[in-house]
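The values are calculated or read from the model by the stated rules, or taken from the named source; none is laboratory data. Computed from a predicted structure; not experimentally measured. Positions of Cβ are backbone-derived with ideal geometry, glycine not excepted, and every protein chain shown enters the neighbour counts. To get the accessible areas, we keep the full protein, side chains included, count just its heavy atoms, and leave off ligands, DNA and RNA. Shrake-Rupley method; radii C 1.70, N 1.55, O 1.52, S 1.80 Å.
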Amino acid sequence: MTQHKTNTHWWQEAVVYQVYPRSFQDSNGDGIGDLAGIIQRLDYLKHLGISAIWLSPVYRSPNDDNGYDISDYEQIMSEFGTMADMDQLIQEAQKREIKIIMDLVVNHTSDEHPWFIESRSSKANPYRDYYVWRKGLNGETPNDLESTFLGSAWQLDEGTGEYYLHLFSKKQPDLNWENPSVRNAIYNMMNFWIDKGIGGFRMDVIDLVGKIPDQKITGNGPKLHDYLQEMNAETFGGKDLLTVGETWGATPEIAKLYSDPKRNELSMVFQFEHVGLDEEPGKSKWDLRPLQISELKKVFSKWQTELGDQGWNSLFWNNHDLPRIVSRWGNDRTYRVQSAKMLAILLHMLKGTPYIYQGEEIGMTNRVIHDITEIEDIESKNMYADRVEKGYSKREILTAINTKGRDNARTPMQWDNTKDAGFTTGTPWLAVNENYHEINVAKDLADKNSIFYTYQKLIELRKKHPLIVWGSFELVEDTAEEIFAYYRHYQNESWLIVCNFSDQEQVFSLDETPTETIIANTQKTYTRLSERTLDPYESFVVNLASSVN
Ligand code: TEU
Ligand code: CA
């Protein structure tokens, strides 16, 4: 089935690059990345070929959760610069045909936001109902809801003797979306940013805003989609902005509710089904098990085929919360370059909008820590304290943090071989990965066979070939478990994508006669495909020209 190219949007043909501002480029030597630093690197991003930047939060914040705790939505965090810098970033990006996607964090604010300061000041304050307040039950918390960052989701406020809800840290009180004044204030703030000429919003944990805490419903509450339709109508509706919701609990059925064009909600969602495949089912992200490639194939195939015309996929391996993909599901030692390219080819040939997280395009890796004092991330710190108390060994906990901790993605961007990888002239807020002498942008730019140029080429191919954007997906069944192979079909053309997802040779055989190699991570020729031995992580894309479809 070939989807028809009607009613198309710029974001369906785009590749988005996520910038984590704190760690991208420091311009003034204070060890913290900033907006002026991002502006300095726009030409690099243009060279890579991306169409939009998703900017992790840059708003005023006490940084309990690195900017995901906002104390003023219409001011810039002072470490990052000023509103004038922000306006300049939007303009400089525009000149290079790059749009800025703002991170919209509206499930909660910081406890230092004026709304919360008012809200907690007295039960009669007009802002009281901006947040979720409940009486305790027999001197205990209202119920046993837990915070994602561990411990009770309820915090007693001594002043007024009631509890407020915080699904994340104590310094991130949840907004009360049932209050229309809250929703209106949020829509006004969104319009403030839309008027500045931004390209859209990434919506932090948006699936939580319809919560009913008293029934312990957090994700996918009953009013969630009413709120999103209202938001669409009051803000970005009709403006062709990119809107992507972070939705940990989405299934394809749920994703269609958000992204069916007829429903006027969002462009797409981030679904996380593949992200959980190396976790013990029913446990937490810290409880590890090996990835089964067959499961990954199943999950990706499902999402590629089930959305149909009622949704649009986002494609990602990485973000600021996840470990580095080359360390996680590739091989960051012997086959770092090969496996990083394989992972890139596999993802970027799928249907949907690809997202690249800073440093992914040069194969940046996880970093190894030896002591908890090296960690800045609140999630890892809280887990450490919790598990030490529960009797886990420190070694076990550090292994989990080295494998899954969020700081793996947050170490500074590795630009070159100079002190601290060219990120800062001062002391970086989080230590640079020691491997920056081998892994850095300058080195990749100087090597025609680098990971960078694979990403650059994948982006270029997407701009040239409607098949990549619009073609249908078909999994090749009957391959070795470790081989992930699929077709894309568009009009009378078919491409075949073959990826060896392992550090072993694998045999692949298919009775097809390619007419052209589109991209590969080898120098081999692919004119026949029967009985081929694939190298570890070998990956290629071939045109099969016309096909019966
Ligand atoms: O993440 C949502 C979220 O649930 C994360 O805490 C996630 O479970 C965890 O990081 C996985 O490792 C968003 C942001 O992306 C994250 O950075 C914030 O900490 C969180 O919301 C609160 O705003
Ligand atoms: Ca700085």
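For region 194-206, a residue qualifies if it is under 12 Å from residue 106 (Cβ atoms) and assigned to a helix (DSSP H, G or I), and exactly one does: 206.
Taking strands (runs of 3 or more DSSP E) as the structural unit, those lying wholly within region 498-549 and holding at least 1 residues that are of a type outside the set (Asp, Glu) and at pLDDT below 95 correspond to 539-546.
Total residues in region 412-439 satisfying the condition of being buried (at least 18 other Cβ atoms within 10 Å of the Cβ), within 16 Å of ligand 2 (Cβ to nearest atom) and polar (S, T, N, Q): the figure is 1. Counting the residues of region 167-188 that are open to solvent by less than 20 Å² (accessible area, probe 1.4 Å) and within 16 Å of ligand 1 (Cβ to nearest atom) gives 8.
Against the definition (within 16 Å of ligand 1 (Cβ to nearest atom), polar (S, T, N, Q), open to solvent by 30 Å² or more (accessible area, probe 1.4 Å) and outside any helix (DSSP H, G or I)), how does residue 284 come out, yes or no? The answer is yes for residue 284. No other residue among 48, 89 is open to solvent by less than 10 Å² (accessible area, probe 1.4 Å) and away from ligand 2 (no atom under 15 Å from the Cβ) apart from 48. On inspection, residue 510 passes the criterion of being under 14 Å from residue 484 (Cβ atoms) and over 33 Å from the mean Cα position of the chain (by Cα). Being of a type in the set (D, E, K, R), assigned to a loop (DSSP other than H, G, I, E, B) and either farther than 30 Å from residue 136 by Cβ or without any contact (Cβ under 8 Å) to a residue 60 or more places away in the chain (or both) is a description that applies to residue 265.
Residues in region 440-471 that are part of a helix (DSSP H, G or I), acidic (Asp, Glu) and open to solvent by 20 Å² or more (accessible area, probe 1.4 Å): 460 alone.
Out of everything in region 189-203 that is surrounded by fewer than 20 Cβ atoms within 10 Å (Cβ to Cβ) and charged (D, E, K, R), what residue ends up being nearest to residue 229 (Cα to Cα)? My answer is 195. If you go through region 60-82 and keep only what is under 17 Å from residue 26 (Cα atoms) and outside any loop (DSSP other than H, G, I, E, B), you end up with 76, 78, 79, 80.
One line per residue, one yes/no per condition, for (1) open to solvent by 20 Å² or more (accessible area, probe 1.4 Å); (2) at pLDDT below 95; (3) within 16 Å of ligand 2 (Cβ to nearest atom):
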position	(1), (2), (3)
69	no, no, no
80	no, no, yes
85	yes, no, yes
102	no, no, no
106	no, no, no
132	no, no, no
143	yes, no, no
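If you go through region 132-176 and keep only what is closer than 29 Å to residue 285 by Cα, outside any loop (DSSP other than H, G, I, E, B) and either in contact (Cβ under 8 Å) with a residue 12 or more places away in the chain or among the polar types (S, T, N, Q) (or both), you end up with 152, 154, 155, 156, 163, 164, 165, 174, 175. Going by the structure shown, is residue 408 in a helix (DSSP H, G or I), in contact (Cβ under 8 Å) with a residue 40 or more places away in the chain and out of contact with any Asp or Glu (no Cβ under 7 Å at 6 or more places or on another chain)? So residue 408 fits the description; yes.
One line per residue, one yes/no per condition, for (1) outside the structural domain of residue 56 (by the TED database); (2) farther than 22 Å from residue 436 by Cα; (3) within 16 Å of ligand 1 (Cβ to nearest atom):
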{"residue": "341", "(1), (2), (3)": "no, no, no"}
{"residue": "346", "(1), (2), (3)": "no, yes, no"}
{"residue": "349", "(1), (2), (3)": "no, yes, no"}
{"residue": "353", "(1), (2), (3)": "no, yes, no"}
{"residue": "373", "(1), (2), (3)": "no, no, no"}
{"residue": "381", "(1), (2), (3)": "no, yes, yes"}
{"residue": "394", "(1), (2), (3)": "no, yes, no"}
{"residue": "397", "(1), (2), (3)": "no, yes, yes"}
{"residue": "402", "(1), (2), (3)": "no, no, yes"}
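Kindly establish whether residue 50 is over 23 Å from residue 375 (Cβ atoms) and in a loop (DSSP other than H, G, I, E, B). Criteria met by residue 50.
Among the criteria (1) crowded, with 21+ Cβ neighbours inside 10 Å; (2) not assigned by the TED database to the domain that holds residue 314, the one residue 121 does not fulfil is (1).
For region 222-235, the tally of residues that are under 22 Å from residue 14 (Cβ atoms) and open to solvent by 10 Å² or more (accessible area, probe 1.4 Å) stands at 1. The residues of region 12-52 that are among the aliphatic types (A, V, I, L, M) and away from ligand 1 (no atom under 16 Å from the Cβ), listed by number, are 14, 15, 32, 35, 36, 38, 39, 42, 45, 48, 50, 52. One residue alone among 276, 249 is surrounded by fewer than 20 Cβ atoms within 10 Å (Cβ to Cβ) and not in a helix (DSSP H, G or I), and that residue is 249.
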